[in-house]
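The values are calculated or read from the model by the stated rules, or taken from the named source; none is laboratory data. As the structure is a computational prediction, the values presented were derived from the model and not from experiment. A quick note on method: Cβ atoms are made from the backbone with ideal geometry, for glycine too, and the neighbour counts reach across all protein chains shown.
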Amino acid sequence: MELWWAFLLLGAAVGFFAGLLGVGGGGIMVPVLTSLFLSLGFAESVHMALATSLAAIIVTSFASARSHHAHQAVLWPVVWRMSPGIIVGTLCAAFVAALIPTQALAWFFSLFMAYVAVQMLLNIKPKPSRSLPGALPLTATGFGIGAVSALVAIGGGSLTVPFLTWCNVKVPQAIGTSAALGLPIAISGTVGYAFSGALVTPTHSMPDWSLGFVYLPAVLLISVVSFFTAPLGVHLAHRLPVPLLKKLFALLLISLSAKMLYFIAF
């Protein structure tokens, strides 16, 4: 735990940006955690970064969902219909990820973060063109969102919000519903990575205080700090130039992902 201070700083940044911009912390946490775990000599650095990131956003996902529910911005029927697919998709992807080579995971994460960054830079928003589908299509969509979210350690907002907006759901409700769906993604992803890490990786090769691929000290330190800095970001969201900050955040995502890819793939 010689890098305890780095986990605290990371938690502060993650909570602040989550509150300020309404984004999940995976885009920041995975590259930074990968670098920290590499410096600590952890063998499965990318897998552990993905798992630890998902575990660390459980607290912030719960707080965000509760806040949106208080503002009546969560479409709970949609949440109930998408959640089964999300849980199954997230669990399946977490087990599949355990078998994917580190370099391949790093490439997939970096390319997906580039997609998210371009969306932010260009402010791309799908035009509403249809209504919400039935229960089965919603469950199937949830499966896809959960699978991708587990592979890149995000709460699903970059996929769920555009989908719901495309289905003529108002933006505030799309964001609130996405926030509520982030909780089953985080929980099932954490469970999946914990079990898959324990199954495929010898216990002696993992650091102390690990639960499968989940590094518990980092989860605790990041979660404790982000819980307090998220409200600060929410408070400043109405006082700072958020559109400009989103563009700067997008550039940060690209630079962090490129750095992680450089260390892992090259």
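Scan segment 159-179 residue by residue and report those that are surrounded by 20 or more Cβ atoms within 10 Å (Cβ to Cβ) and either modelled with pLDDT of 95 or more or aromatic (F, W, Y) (or both).
F163
Of everything in segment 22-40 that's buried (at least 18 other Cβ atoms within 10 Å of the Cβ) and not in a helix (DSSP H, G or I), which residue is farthest from the chain's Cα centre (by Cα)?
G22
Would you point out which residue out of G142, G182, G189, G156 is crowded, with 20+ Cβ neighbours inside 10 Å, in contact (Cβ under 8 Å) with a residue 40 or more places away in the chain, in contact with a helix residue (DSSP H, G or I) (Cβ under 8 Å, 6 or more places away or on another chain) and under 19 Å from L253 (Cα atoms)?
Exactly one of G142, G182, G189, G156 is crowded, with 20+ Cβ neighbours inside 10 Å, in contact (Cβ under 8 Å) with a residue 40 or more places away in the chain, in contact with a helix residue (DSSP H, G or I) (Cβ under 8 Å, 6 or more places away or on another chain) and under 19 Å from L253 (Cα atoms), namely G156.
Looking at this structure, is G19 out of contact with any Cys (no Cβ under 9 Å at 6 or more places or on another chain), modelled with pLDDT of 90 or more, surrounded by 20 or more Cβ atoms within 10 Å (Cβ to Cβ) and more than 26 Å from A104 (Cα to Cα)?
Numbers: out of contact with any Cys (no Cβ under 9 Å at 6 or more places or on another chain): yes; modelled with pLDDT of 90 or more: no; surrounded by 20 or more Cβ atoms within 10 Å (Cβ to Cβ): yes; more than 26 Å from A104 (Cα to Cα): yes.
It is false that G19 is out of contact with any Cys (no Cβ under 9 Å at 6 or more places or on another chain), modelled with pLDDT of 90 or more, surrounded by 20 or more Cβ atoms within 10 Å (Cβ to Cβ) and more than 26 Å from A104 (Cα to Cα).
Which residue is farthest from L91 (Cα to Cα), if the candidates are limited to segment 195-215 and must be crowded, with 19+ Cβ neighbours inside 10 Å and either in contact (Cβ under 8 Å) with a residue 40 or more places away in the chain or of a type in the set (F, W, Y) (or both)?
The qualifying residue farthest from L91 (Cα to Cα) is M206.
When segment 122-141 is examined, which residues are found to be assigned to a helix (DSSP H, G or I) and either more than 19 Å from the chain's Cα centre (by Cα) or more than 22 Å from V171 (Cα to Cα) (or both)?
Answer for segment 122-141, where residues must be assigned to a helix (DSSP H, G or I) and either more than 19 Å from the chain's Cα centre (by Cα) or more than 22 Å from V171 (Cα to Cα) (or both): L122, A135, L136, P137, L138, T139, A140.
Looking at G176, G134, G212, can you tell me which residue is of a type in the set (G, A, S) and closer than 16 Å to G85 by Cα?
Values: G176 fails: closer than 16 Å to G85 by Cα; G212 fails: closer than 16 Å to G85 by Cα.
Sole residue among the options that is of a type in the set (G, A, S) and closer than 16 Å to G85 by Cα: G134.
Specify the residue that is surrounded by the fewest Cβ atoms within 10 Å (Cβ to Cβ); the eligible residues are those in segment 81-137 that are over 30 Å from S255 (Cα atoms) and either aliphatic (A, V, I, L, M) or touching a His at 6+ places or on another chain (Cβ under 8 Å) (or both).
Step by step, filter segment 81-137, then rank; the result is L136.
Scan segment 5-18 and tell me whether some residue there is among the small types (G, A, S) and not in a helix (DSSP H, G or I). Steps first, please.
Our first condition is that a residue be among the small types (G, A, S); within segment 5-18, this holds for 6, 11-13, 15, 18.
Right, trim to not in a helix (DSSP H, G or I) and you get none.
No, segment 5-18 contains no residue that is among the small types (G, A, S) and not in a helix (DSSP H, G or I).
Check segment 236-247 and report whether any residue there is under 16 Å from L10 (Cβ atoms), at pLDDT below 85 and either of a type outside the set (S, T, N, Q) or touching an Asp or Glu at 6+ places or on another chain (Cβ under 9 Å) (or both). Explain how you work it out, then say what you get.
As a first pass, look at segment 236-247 and keep what is under 16 Å from L10 (Cβ atoms): none.
Looking for residues that are under 16 Å from L10 (Cβ atoms), at pLDDT below 85 and either of a type outside the set (S, T, N, Q) or touching an Asp or Glu at 6+ places or on another chain (Cβ under 9 Å) (or both), one finds none in segment 236-247, hence no.
One residue is enough: does segment 220-231 have a residue meeting the conditions touching a Pro at 6+ places or on another chain (Cβ under 8 Å) and at negative phi?
no
Is there a residue being in a helix (DSSP H, G or I) and out of contact with any Gly (no Cβ under 9 Å at 6 or more places or on another chain) anywhere in segment 81-95?
No.
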